[in-house]
Structure formats: C-alpha cells, structure tokens
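Trainee: Pasting in a structure now, in structure tokens, and then I'll have a few things to ask.
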Amino acid sequence: MRTFRSDNNAGLCPEALQAILDANDDFHEVGYGDDSYTQRAVAAFSQIFGTQVSVWFVATGTAANTLAIASLTQPWEQVLCHVHSHYNDDESTAPERIAQCRVTAIHTADTKLVPEDIEKAALNSRGDVHQPQPGVLTISNTTEFGTVYTPDEIKALCEIAHAKGYRVHMDGARFANAVAALGCDPKALTIDAGLDALSFGGTKNGLAFGEAVLFFPQGDGAIFERAVQAFPFHRKSTGHLLRKHRFVSAPFAATLSDGSWLRHAQHANAMAAQLAAGLADLGIQPRFPVQANSVFVTLPPSVDRALRDKGHGYYPFGDPAAKLSRLMCSFNTRPQDVQALLADIAEALALAL
Ligand SMILES: Cc1ncc(COP(=O)(O)O)c(C=O)c1O
C-alpha cells in the first residue's frame, strides 16, 4: 500500500532513474565532482536561478543544512531557527558537530517566523565577547507544517536579519513544493529576496538521494566568496564528498532541464489539495493552511485505529497532546490513493456514529 507517511517513502521518479542509467555508460568519468554530469547540473541550476550560482552536491539534507551553515559562520556565532524546524528538532547534534554554532530556537505559535521574531531574538545581544555573535538565520520553505513563505516574507526576514548581522539560509528540502505552490520564479524566493544560501532538496521530489547546496552572491560578494571557499573543505573533512559524484548530480541535471522537478512538486501539492478538500467534506478541517504537499489533521481516535488496522501509514506530529497526524503526499501519490484513504475515513466515521 502507498502510505501518506512521508515523501521519503516513495521510490524514484522515472526521470531520475533514467538519468542514473544514462550516467552508467561505458565511459569512465572523473570522480569527486569533476565530471561532465556535475557540470551539466551546475549549468542547469544557473539557468533556473538566472545567474551563475555556486552549487555543491551532498547526499543528505542534514549534510546540506549543516555544511551550508558551517560555511557561513564562525564557531563563536549562533544560528537562529524556528523551534519546530528540522534543524532544531530532527538533525540530532549535527548542527553542533558540523556547523559548530549555538542553536537558538525561536519559540512561536505560528508556522512561520516574522521580522519581529528576529528583532526579539537579537534584543539582548550586547555584541561583546561573552555572548554568541550573530551568525545565520535559517528558515524552511516549505515549513515543517506545510506552509509556504512568500517572496515578500523572505525579503522582510532577510532585511532584518542582515541588519542585525545575520546571513540567511533556507532549508529547501521541499523547495520545489514551495515554488510550485506559489507559481513564482525560483529567483524571487531566493537571490532576489536576499537569501545567502539554499539547501535545494532532491530526495523528497523523486531522487534516490541528493541535495544541492547553493550560495548566492549578495551585496559586495564577500560572504559568498568566503562560503564558496570554505564549503569544499567542510564537505570533505566531514566525510561528505561523494566519489561517484555523477550519480547524485545526473538526476538533478535531468530533472531540472526537463522541468520534471516542478511537475512532480505540482502533482504532490495537487494531491494534498484533493485530500484536504475530501477531508473537509467529511467534516475534518486541516490544522494549518494546506499550501503544499502535506495535510495536518486531528483524527478521532476510533478513525485513527481503523485506518491503522487497514494498513494506512502516517506520522503523529508534534506535541502528542495535540494528537495531530501528518498526511504527506509525494510525486507518486495517485488520486486513487487519496480516494481510498478518504473512503476508509468515511467508513470509520460512519461506524463511530
Ligand atoms: C525539512 C527537512 N530538512 C532536512 C531534512 C534532512 O534530510 P536527511 O534526513 O536526508 O538528513 C529533512 C528530512 O526529512 C526535512 O524534512
């Protein structure tokens, strides 16, 4: 059964699989990223972002986030993030081990950070040697709650963060879903909004593994230059430089060039919208606005039990007291998967009456 547990649970999209097969030709290629597939993937990113961006491939999202932030910071600096960001909640001690900065979680009831949150977090900074210094603000787009920061919201966050001495990084494990949701130019969400770095997700959007770290030149370019110089050393010295690099970069080259990265994300978002509409028809309202590929709901306990007995899969989310379930759609969620889940929910609701 296809489940709604995670967009990590789907297999590979056909374009990614074909790209791996195509890269497995009879010729030999240089390892460690000096190959023609990686060059093509880098060119495809520059095409999408409309300028020469600096691109680096790694296997996991945790590596992408922590290595990007390591390259933007010094060990005496702090990283601001949403209290329920993946960086704070789900990357174990990688932020401390790899980025080596104090993690300062910003507590907020909202799914997204706003400039006032950054203002408040910076309020007690004396700037002296006894305190952590401004490092990076990292935000996730989409957020852990499936909501989406708009270009204006990101711009406002970048402005205040930069004014307070922070650089800005985006965890874009679901960046494609954010772009698909907004229907905007990827540039507007990143370089034009003032972003310094992006972890561009591949795995959740149909790749076998792989995220790309992108650095964007801003201002006088000094932060960019330093980060681009530091990144390869951080990546190698933490064991994240892949040998047969082309197998991580070729699927990016293929899916970026043929537009399937966006099509797959649009499909996942559409499935979530269908699911949310069906749930609303059954009287179950999503807890957060459904803007991308996830739906958060509180299911009556009897419905939850009945669904699990039938083999449906989804994760409980956040504070157990809130009894929230996360239903996640992926590039290969089918309309009939959504309908099957909704039918089983309807049946369980009828039995509960
Ligand atoms: C928003 C977000 N960022 C980062 C990651 C980290 O990815 P990985 O598990 O590959 O380290 C995930 C993983 O699911 C994620 O959901």
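Trainee: Any chance you could get the radius of gyration and Dmax over the Cα atoms of the range 195-300, in Å?
Mentor: 18.9, 55
Trainee: To continue, here is another question. If each residue of separation counts as 0.36 nm, what is the full-extension length gain between Asp185 and His130 once their alpha-carbon separation is subtracted?
Mentor: 15.6 nm
Trainee: Kirkwood-based Rg over Rh for the range 1-125 (C-alpha set), two decimals?
Mentor: Rounded to two decimals, Rg over Rh is 1.06.
Trainee: I need the fraction of alpha carbon pairs in the range 309-353 separated by more than 13 Å, rounded to a whole percent.
Mentor: In whole percent, the share of Cα-Cα pairs in the range 309-353 beyond 13 Å is 66.
Trainee: Something else about it: Obtain the nm distance between the two label points defined at Arg226 and Ala340 by a simple spin-label model: each point lies 7 Å from its Cα along the Cα-to-C-beta direction.
Mentor: Taking the simple label geometry, Arg226 and Ala340 are separated by 5.3 nm.
Trainee: What is the packing order of peptides 299-305, 38-44, 11-17, taking the mean over residues of other C-beta atoms within 10 Å and listing the highest first?
Mentor: 38-44, 11-17, 299-305
Trainee: Dividing the Cα convex hull volume of the range 141-260 by residue count, how many Å³ per residue is that?
Mentor: Roughly 123 Å³ of hull volume per residue.
Trainee: If the chain between Glu119 and Asp34 were fully stretched, how many nm would it gain, using 0.36 nm times the residue separation less the Cα-Cα distance?
Mentor: Between Glu119 and Asp34, full extension yields an extra 26.3 nm.
Trainee: Give the relative contact order (percent, whole number) for the chain; include only Cα pairs under 8 Å separated by 6+ residues.
Mentor: 25
Trainee: Amide H neighbours of Phe288 under 5 Å, counting only residues 5+ apart in sequence or on other chains, H built in-plane at 1.01 Å?
Mentor: Phe296
Trainee: Along the positive direction of the dipole of the range 103-248 (beta-carbon charges: Lys, Arg +1; Asp, Glu -1; about the Cα centre), which of Val213, Ala181, Ile118 reaches farthest?
Mentor: Val213
Trainee: How large are Rg and Dmax for the range 200-253 when calculated on the C-alpha trace, in angstrom?
Mentor: Values for the range 200-253 (Cα only, Rg and Dmax): 13.1, 37 Å.
Trainee: Tell me the mean residue ellipticity at 222 nm calculated for the chain from its helices only (DSSP H runs of n ≥ 4, each -39500 (n - 2.57), averaged over every residue, nearest 500).
Mentor: Rounded to the nearest 500, the figure is -13000 deg cm²/dmol.
Trainee: Further, regarding this structure: Roughly speaking, what is the stretch gain from Asp89 to Asp26, that is 0.36 nm per residue apart minus the C-alpha to C-alpha distance, in nm to one decimal?
Mentor: Going from the current span to full extension adds 18.3 nm.
Trainee: Give the carbon-plus-sulfur fraction of the accessible surface of the chain in %, rounded to a whole number; probe 1.4 Å, heavy atoms of protein chains only.
Mentor: Looking at the chain in its full context, I get 53 percent from C and S.
Trainee: Further, regarding this structure: Using a Cα-Cα cut-off of under 26 Å, which lysines could be cross-linked to Lys204, ignoring same-chain neighbours fewer than 8 residues away?
Mentor: Within reach: Lys112, Lys155, Lys187, Lys236, Lys244, Lys310, Lys323.
Trainee: Now for a separate question. Can you compute log10 of I(q)/I(0) for the range 271-330 with the Debye formula, treating each Cα as one identical point scatterer, at q = 0.22 Å⁻¹?
Mentor: The Debye formula, applied to the Cα set alone, gives -0.92.
Trainee: Where the eigenvalues come from the Cα gyration tensor of the range 184-230, what are the semi-axes √(5λ) of the equivalent ellipsoid, largest first, in whole Å?
Mentor: 23, 15, 5
Trainee: So if the hydrodynamic radius of the chain is defined as the Kirkwood radius over C-alpha pairs, what does Stokes-Einstein give as its diffusion coefficient at 10 °C and 1.306 mPa s, in µm² per second?
Mentor: It comes out at roughly 76 µm²/s.
Trainee: Quick test of the membrane-span-like rule: which DSSP H helices of the chain reach at least 15 Å along their long axis (C-alpha atoms) with mean Kyte hydropathy at least 0.0?
Mentor: 36-49, 61-72, 151-163, 246-257, 260-281, 335-352
Trainee: Among residues other than Gly206 whose Cβ falls under 11 Å from its Cβ, what is the net charge (Lys/Arg +1, Asp/Glu -1)?
Mentor: Spelling it out: positives minus negatives among the neighbours equals 0.
Trainee: Could you check how many percent of all C-alpha pairs in the range 24-78 are farther apart than 18 Å?
Mentor: Distances greater than 18 Å cover 53 percent of the Cα pairs.
Trainee: Charges at C-beta only: +1 for Lys and Arg, -1 for Asp and Glu. How large is the resulting dipole of the chain about its Cα centre, in Debye rounded to 20?
Mentor: With Lys and Arg at +1 and Asp and Glu at -1, about 460 debye.
Trainee: If you look at just the Cα atoms of the range 236-296, how large are its Rg and its Dmax in Å?
Mentor: For the range 236-296, the Cα-based Rg and Dmax read 18.0, 53 Å.
The values are calculated or read from the model by the stated rules, or taken from the named source; none is laboratory data. Keep in mind that this is a model prediction, so the values were computed, not measured. Positions of Cβ are generated from backbone atoms using ideal geometry, with glycine treated the same way; all protein chains shown enter the neighbour counts. Note: areas computed on protein heavy atoms with side chains; ligands, DNA, RNA excluded. Shrake-Rupley method; radii C 1.70, N 1.55, O 1.52, S 1.80 Å.
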